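I have placed the structure first, in the form of structure tokens, so that the comments after it can refer back to it.
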Amino acid sequence: MDRGDAGGPQPPGPGAPGSQGAVRAPLEVPVFQHLFAAVAEEMGARLVRSAFSANIVERRDFSCALFDGRGRMIAQAAHLPVHLGAAPRSVAAVLARAAREPEFALEPGDAVLLNDPFEGGSHLPDLTLVSPLFLRPEHRPGQAPDAFVCNRAHHADVGGPFPGSMGPAREIHAEGLRLPPVKLVRRGRLDRELMSVFLANVRVPEERQGDLLAQWASNRLGAERMAELAGRYGAEFLLERAADQLAWTAQLCRARLAELPVGRVQVADELDLPGGERAELRLELSRGPHGLCADFRGSSGALPRPLNTPRAVVESAVFYTLRLLLPAGTPTNSGVLDPVEIRTDPGSLLEARYPAAVAAGNTETSQRLVDLMLRALAELDPGRLPACSAGTMSNLSFGQRAFTHYETIGGGAGGGPGGPGISARHTHMTNTRNTPIEALERSFPVRVLRASVRRGSGGAGLHAGGDGIVKELRFLVPVEVSWLGGRQRSGPPGLSGGGPGQPGGLELRPSGQSPWRRLEPIDRGELPSGGELRVLTPGGGGYGTPAAERTGVQGPA
């Protein structure tokens, strides 16, 4: 199997083992892989050009993907792993409501909005818009969609007591407005009553409306491009090529998992909680004759904290980690999870049920689930995977009634067998950009005092972990600050003898002459005009025993 970039993996031949039916024209598979992915990428480009908030325009905190009529993802843009791996649950929720409620039948031109984590969503700021596609020439009333386009964008506020809607809530009702699948657009006409209800419950409604309309524009473009492809090649042929994508990816995933040794490993970790509380994550990963089983049962029960996560986010973390193992050029779609079983306890920390708070489950818990998966795979197949990266998205929100801003802040990547970790980078489940200083200062009453690499924060090793980030802000008006961060008590562990990265945290002070006050991992605070904050993000873990230790050479005193 080709693992390099040159040529990529070979598409399956007719009736290839493990494929979902015969592939009649194997050379067409990679061609349509890029056609489908290009549609999703173009959807993202329109969303960026149309949106209002810095969170979407500058940080690119959104994702776009295509799905077949059964709700299986067939292609995605190179956007956020935490969004994309969980998005099939959103399309499934739309299909489920349409199946049980005849009056909700999906029609051409519809766009369904949702964010309910207990009905297809991830966390409340992620507003997902799902549009059904009817690609055949004649549409009959009641006909099932042939495909879907979908985008998910993190809005800088969806209501609740904390500006930015990412605060230390204890239940879902304190996290903002919750929307089950509802039609924002009916047969091409915007439901202005629904829009008015949404806007009445959020801060900075003009910005929220602009971002939501940009999501609708993105889906319309995706629908147009898919209709053009169906007109060029025929709807049936196009849908067959979509099925080929799933079959090819599933075949490649089965082949890659077959290379892993048969065995069973167990790993565990703890989440950072305020006041010395504890929450445990547990994983038993086993490779058997038929595939892989990721068993997270035995992890902590639901918490009165926002670290609970819907089952969709657990699936997203497993999806992302396994995709890392596949050859370059593999189509990224739902076929990745075909040979994988995922087990969680209903109602637990990792399968949240109403009324659990979930804002940080999508960001913090998801990152630690990736750490668990990588550690388990490294035990199962040593010498091929890196040490843990920052293990947190370092979520910072600030604002007041007139403005809100949310951002994740990068950290250090773990060192690996191929070399040192990258510094000051968004890793794993987040794939956003850093907010440019110019955009931050232009959009909000804030000044950036420092934004630099946190030198020396990466773990020591034969291949050192990457360094984190130091960011200092001064506010020109009073603000409320929320902080959801992890790896504050102990840094990301190293691997194969490598040292841990430095832990992170957030500090506040009311003026430049005041002492710094450190916040808890899940916390909030208030700052007056002139108040400052400082973010320190973790470095990545080191890989391998440092050369000085292996040779007995002592460093300088």
Can you tell me which residues in region 489-523 are free of Cβ contacts under 8 Å to residues at least 60 places away in the same chain, of a type in the set (A, V, I, L, M) and open to solvent by 30 Å² or more (accessible area, probe 1.4 Å)?
none
Sole exception among (1) assigned to a loop (DSSP other than H, G, I, E, B); (2) surrounded by 21 or more Cβ atoms within 10 Å (Cβ to Cβ); (3) not acidic (Asp, Glu) for PHE118, by number
(2)
Criterion first (modelled with pLDDT of 95 or more and not in a loop (DSSP other than H, G, I, E, B)) does VAL313 satisfy it?
yes
Would you confirm, using the coordinates I've provided, whether ARG232 is in contact with a His (Cβ under 7 Å, 6 or more places away or on another chain), of a type outside the set (S, T, N, Q) and either under 30 Å from GLY159 (Cα atoms) or surrounded by fewer than 21 Cβ atoms within 10 Å (Cβ to Cβ) (or both)?
no
For the list (1) open to solvent by less than 10 Å² (accessible area, probe 1.4 Å); (2) under 30 Å from HIS34 (Cβ atoms); (3) assigned to a loop (DSSP other than H, G, I, E, B), I need the number of the one condition that THR321 fails.
(3)
Does GLY486 satisfy the condition of being farther than 29 Å from GLY361 by Cβ and either part of a loop (DSSP other than H, G, I, E, B) or touching a residue at least 40 places away in the same chain (Cβ under 8 Å) (or both)?
no
I need the full set of residues from region 382-435 which are over 22 Å from ARG368 (Cβ atoms), open to solvent by 20 Å² or more (accessible area, probe 1.4 Å) and among the small types (Gly, Ala, Ser), in order please.
GLY383, ALA402, GLY418
Being closer than 14 Å to ASN333 by Cα, in a loop (DSSP other than H, G, I, E, B) and in contact with a Pro (Cβ under 8 Å, 6 or more places away or on another chain): is that true of GLY71 here?
yes
Among residues of region 214-227, those that are in contact with a strand residue (DSSP E or B) (Cβ under 8 Å, 6 or more places away or on another chain), more than 12 Å from PHE148 (Cα to Cα) and open to solvent by 10 Å² or more (accessible area, probe 1.4 Å), counted:
1
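Let's see how each residue does on (1) at pLDDT 95 or above; (2) assigned to a strand (DSSP E or B); (3) hydroxyl-bearing (Ser, Thr, Tyr):
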{"position": "GLU507", "(1), (2), (3)": "yes, yes, no"}
{"position": "GLY530", "(1), (2), (3)": "yes, no, no"}
{"position": "GLU549", "(1), (2), (3)": "no, no, no"}
{"position": "PRO556", "(1), (2), (3)": "no, no, no"}
Taking LEU307 as meeting all but one of (1) in a loop (DSSP other than H, G, I, E, B); (2) over 20 Å from GLY120 (Cα atoms); (3) open to solvent by less than 10 Å² (accessible area, probe 1.4 Å), write down the number of the exception.
(2)
What pairs can you find where one residue is in region 281-298 and under 12 Å from LEU369 (Cβ atoms), the other is among the acidic types (Asp, Glu) and modelled with pLDDT of 95 or more, and their Cβ atoms are less than 6 Å apart, with a gap of 6+ or different chains?
LEU281/ASP269
Mind listing whichever residues of region 417-445 are in contact with a Phe, Trp or Tyr (Cβ under 9 Å, 6 or more places away or on another chain), farther than 22 Å from GLY466 by Cα and not aromatic (Phe, Trp, Tyr)?
SER443, PRO445
ALA153: open to solvent by 30 Å² or more (accessible area, probe 1.4 Å) and either modelled with pLDDT under 95 or among the hydrophobic types (A, V, I, L, M, F, W, C) (or both), yes or no?
no
Looking for something buried (at least 19 other Cβ atoms within 10 Å of the Cβ) and not in a loop (DSSP other than H, G, I, E, B) - is there at least one such residue anywhere in region 258-268?
no
Taking region 370-381 and the residues there that are surrounded by fewer than 24 Cβ atoms within 10 Å (Cβ to Cβ) and of a type in the set (D, E, K, R), the one that is nearest to the chain's Cα centre (by Cα) would be ARG375
Exactly one of (1) buried (at least 24 other Cβ atoms within 10 Å of the Cβ); (2) farther than 24 Å from SER286 by Cβ is unmet by GLN367. Its number?
(2)
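The values are calculated or read from the model by the stated rules, or taken from the named source; none is laboratory data. As the structure is a computational prediction, the values presented were derived from the model and not from experiment. As a convention, Cβ positions derive from the backbone with ideal geometry for all residues, glycine included, and neighbour counts pool all protein chains shown. Accessible surface is based on the protein model in full, side chains and every heavy atom, while ligands, DNA and RNA are left aside. Shrake-Rupley method; radii C 1.70, N 1.55, O 1.52, S 1.80 Å.
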